[in-house]
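Data first, discussion second: the structure below is written as structure tokens.
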Amino acid sequence: MLDRLPTLLERLFLGPNIARRAALAKRVPHSLIERVQMAEFRKTVERVGARSAFYKERFAAAGIQPGRVRRPGDLGEFYTTSADLRARDTAEFLCAPPQAGFETTGTTAHNKRIYFSNEEVHDIGFEGAVGLWNLGLRPDDRVVDAFDYAFWNAGITLMHSLNAVGCFHMIASKLEPMEFYRRVKDYRFNVMVVDTAWLVALTEIAERQGAWPVKFILSGSENMSEPTRAWIEAVWQTRVYQAYGQTESLGASGIECPMQKGYHLNEPNFLFEILNPNPEGFGELVFTTLTRKIMPLVRYRSNDITRLLDEPCGCLLQSLRRIDKIQGRGDEIISCGMGMISPWIFEKWLAGDAALAAELTDDWQVAVQQPGARDVIEVRAEVRQEVLPSRWPGLEAALMRRFAEIFPYYEKNRHMGMYELRVKLLDRGALRGAASGVRRKLRRVVDERISKTALAPTLA
Ligand SMILES: [Zn+2]
């Protein structure tokens, strides 16, 4: 029964309702948050050490005695990775029977599965409600969400948040932006919660056909560039905020500060660390779940590169530390208008069909660019020498056809205008160029939207 009691920290933040909880949040000293976090951290390590087959095995292999771990540093180089979640049976991570499950979107052949109790989903939603309150959401607002509900947690978490605030809410789900525009216009929803790339397509329609009054827009699931945000804000005459999270954190790692300078971390539910920070403080965000009892994760590597921000913001959530915008991914999984993309997808596309593969070399590279508001996925593929130039247009068309055939999900997003796909055929050897002698491994997926200067020391 003790497990069902909220922690001291949660009680302090909770209060009986969201308004009171938000007001209390501002007065909690960070030192208290840290003390409670450390106590919960120890309990989590002991719990997984006693109940999860995966952690029992890994702790033993690393010579870790859970009862002696006081703080994250005591775990040395021990981390849980995305690859662990993919390679191992989900049951090996469980500490108790689950009641709810979600999947990460299609980044690889095996989507990660993350399980929860209903209470955990409810609690995370409740925490999210404080963040929404901080952005201005109130019970008399009218909210519509256009999240994709298939196997994904974002919409369910949001529903719990909105229940806690008590406002009117309708689920539109991820419709074609034009259909959404047509059907929701009359409702005069004043708060929209949407996917970033989808919002770009919706805003293009609103720019042509008119927007309606909106209090704010919350966009989740990926980074938005500041010029894109400014354009969307100008079209809708409102503020656009972003949430930060991943399915492994039930989408609730952080929510943007109303000052639009970084995300306040969900410190009541997670202990965050920045791994191997460079001199500017940028490193990989790592988290340990503090309040999860079903499938806790210890020092989970998020793959997201960011840094902690020091300047005070003065908002209701000021006691919760902030992180900067995500600067990039620690590996080659990139979130963009197409969805979460990784080399696996393009490998399957370009090399999976024997006839097409015979016309291409093994060297290809995918670049995510953002010349305007929309992401452009440029696929640079080298053509074998014996393929005549007259064949190139036909080859390009065949590649596009195969893409549509094998990836209906990504093709649907393309039709919705969430991104543009371009195939750029190149002569053999073009990608490695003069550097071929030193560059043994071609980087398959590159994000050309982001500033490389801040990242160089970490990602090199
Ligand atoms: Zn703030």
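Every residue in segment 147-163 that is surrounded by 21 or more Cβ atoms within 10 Å (Cβ to Cβ), touching a strand residue (DSSP E or B) at 6+ places or on another chain (Cβ under 6 Å) and assigned to a loop (DSSP other than H, G, I, E, B), please. Of everything in segment 147-163, just one residue is surrounded by 21 or more Cβ atoms within 10 Å (Cβ to Cβ), touching a strand residue (DSSP E or B) at 6+ places or on another chain (Cβ under 6 Å) and assigned to a loop (DSSP other than H, G, I, E, B), namely Asn153. Scanning segment 346-366 for residues that are in contact with a strand residue (DSSP E or B) (Cβ under 7 Å, 6 or more places away or on another chain) and either more than 19 Å from Leu421 (Cα to Cα) or aromatic (Phe, Trp, Tyr) (or both) gives Phe346, Glu359, Thr361, Trp364.
Where helices (runs of 4 or more DSSP H) sit wholly within segment 18-133, those with at least 3 residues that are of a type in the set (D, E, K, R) occupy 30-51, 53-62. The requirement of being surrounded by fewer than 20 Cβ atoms within 10 Å (Cβ to Cβ), over 21 Å from the mean Cα position of the chain (by Cα) and not in a loop (DSSP other than H, G, I, E, B) is fulfilled somewhere in segment 208-220, by at least one residue. Total residues in segment 308-361 satisfying the condition of being touching a Leu at 6+ places or on another chain (Cβ under 8 Å), closer than 21 Å to Pro408 by Cβ and not in a helix (DSSP H, G or I): the figure is 1. Applying the set (1) on the phi > 0 side of the Ramachandran plot; (2) touching a strand residue (DSSP E or B) at 6+ places or on another chain (Cβ under 8 Å) to Ser117 leaves exactly one unmet item: (1).
The set of residues in segment 133-143 that are surrounded by 19 or more Cβ atoms within 10 Å (Cβ to Cβ) and touching a strand residue (DSSP E or B) at 6+ places or on another chain (Cβ under 7 Å) comprises Leu135, Leu137, Asp141, Val143. Test Leu308 against the criterion of being crowded, with 24+ Cβ neighbours inside 10 Å, under 17 Å from Cys257 (Cβ atoms) and aliphatic (A, V, I, L, M), and give yes or no. Answer is no for this residue. The lone criterion from (1) at pLDDT below 90; (2) more than 13 Å from the ligand (Cβ to nearest atom) left unmet by Asp310 is number (2). Could you pull out the residue among Glu233, Glu226 that is modelled with pLDDT of 90 or more and of a type in the set (D, E, K, R)? Of Glu233, Glu226, the one residue that is modelled with pLDDT of 90 or more and of a type in the set (D, E, K, R) is Glu233. Scanning segment 258-295 for residues that are more than 16 Å from the ligand (Cβ to nearest atom), part of a loop (DSSP other than H, G, I, E, B), within 18 Å of the chain's Cα centre (by Cα) and of a type in the set (S, T, N, Q) yields one hit, Asn269. State yes or no: is Leu388 among the aliphatic types (A, V, I, L, M) and touching an Asp or Glu at 6+ places or on another chain (Cβ under 7 Å)? Here the answer is no, as Leu388 does not meet what is asked. Quick check: is even one residue across segment 230-248 part of a helix (DSSP H, G or I), in contact with a strand residue (DSSP E or B) (Cβ under 8 Å, 6 or more places away or on another chain), away from the ligand (no atom under 16 Å from the Cβ) and without any contact (Cβ under 8 Å) to a residue 24 or more places away in the chain? Within segment 230-248, one or more residues are part of a helix (DSSP H, G or I), in contact with a strand residue (DSSP E or B) (Cβ under 8 Å, 6 or more places away or on another chain), away from the ligand (no atom under 16 Å from the Cβ) and without any contact (Cβ under 8 Å) to a residue 24 or more places away in the chain.
Within segment 262-288, the set of residues being within 21 Å of Val193 (Cβ to Cβ) and in contact (Cβ under 8 Å) with a residue 60 or more places away in the chain comprises Gly262, Tyr263, His264, Asn266, Asn269.
A search for C-beta distances below 7 Å between a residue of segment 123-140 that is in contact (Cβ under 8 Å) with a residue 40 or more places away in the chain and at positive phi and any residue that is within 16 Å of the ligand (Cβ to nearest atom) and outside any loop (DSSP other than H, G, I, E, B), counting only pairs 6+ apart in sequence or on different chains, returns Gly136/Phe216.
You will find that of Leu132, Leu202, Leu175, the residue that is out of contact with any Lys or Arg (no Cβ under 7 Å at 6 or more places or on another chain) and within 29 Å of Leu320 (Cβ to Cβ) is Leu132 and no other. Go through the residues of segment 100-112 one by one and say whether even a single one is modelled with pLDDT of 90 or more, touching a Ser or Thr at 6+ places or on another chain (Cβ under 8 Å) and on the phi < 0 side of the Ramachandran plot. No.
A single entry from Thr247, Thr238 fulfils the requirement of being among the β-branched types (Val, Ile, Thr) and closer than 23 Å to Ser82 by Cα: Thr247.
Residues that are of a type in the set (S, T, N, Q) and either on the phi > 0 side of the Ramachandran plot or exposed (fewer than 15 other Cβ atoms within 10 Å of the Cβ) (or both) within segment 164-190 comprise just one, Ser173.
Here Gly251 fulfils each of the conditions (1) under 15 Å from the mean Cα position of the chain (by Cα); (2) within 16 Å of the ligand (Cβ to nearest atom) apart from (2).
The values are calculated or read from the model by the stated rules, or taken from the named source; none is laboratory data. What you see is a predicted model, and the numbers here were worked out from it, not measured in a lab. Methodologically, a virtual Cβ is constructed for each residue, glycine included, from the backbone with ideal geometry; neighbour enumeration extends over all protein chains shown.
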